[in-house]
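Nothing in this text is a laboratory measurement; each read-out follows from the coordinates by a stated rule. For clarity, every value in this text was computed on a predicted model and none was experimentally measured. As a convention, Cβ positions derive from the backbone with ideal geometry for all residues, glycine included, and neighbour counts pool all protein chains shown.
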């Protein structure tokens, strides 16, 4: 998959600036290079959400696109909620990926038409009489403490471990976790856990769009 992306983007004028194997390396390299666009795997070791939050804070001009094995509305809402500019399947056609990244470089969002429809239907279902969820701006409503809890959750910390690390009670830790799920718009616990915890998989890529 990594070589396929390299070939696809390089032949369409994109410059691959670097690669990283986990969330920590992704953040470090992104903050050092400040690329216009950063591609990360949805199951990035160390947590894609952790990397997204750190990049959004430390390199706000870098637009992050999450690449996943299989699209999920719940996961899309989570990633978009913490600042992702795009959410795409890894099996996307090469030309479609190049076009999507050009849209991201222009400040637009990149999701498939099917996912865009699914997100719209899901928003209407969750808020039939109110405004749609805030989308990418939702990341800005997370408090500092919630960012800390999110980071610990993405590392696999339990409620008790979060409480000890932040010097708060387990009850407070559970409340923060619940608040995160509500703000990110993910009701299902399994979907939330999948989105915040890295498992294994490809490197992250930083790309510069063609002039």
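A few notes on this one:
- Extension gain (nm, one decimal) between residue 108 and residue 70, 0.36 nm per residue minus Cα-Cα: 11.5 nm
- The listed peptides 41-50, 13-22, ordered by packing as a protection proxy, come out as 41-50, 13-22 (highest mean of other Cβ atoms within 10 Å first).
- Descending by average beta-carbon neighbour count within 10 Å, the peptides 161-173, 70-82 line up as 70-82, 161-173, the highest first.
- Rounded FRET efficiency, nearest 0.05, which uses the C-beta distance separating residue 6 from residue 161 and R0 of 35 Å: 0.40
- With N the number of residues in segment 1-91, Rg(Cα) / (2.2 N^0.38 Å) evaluates to 1.01.
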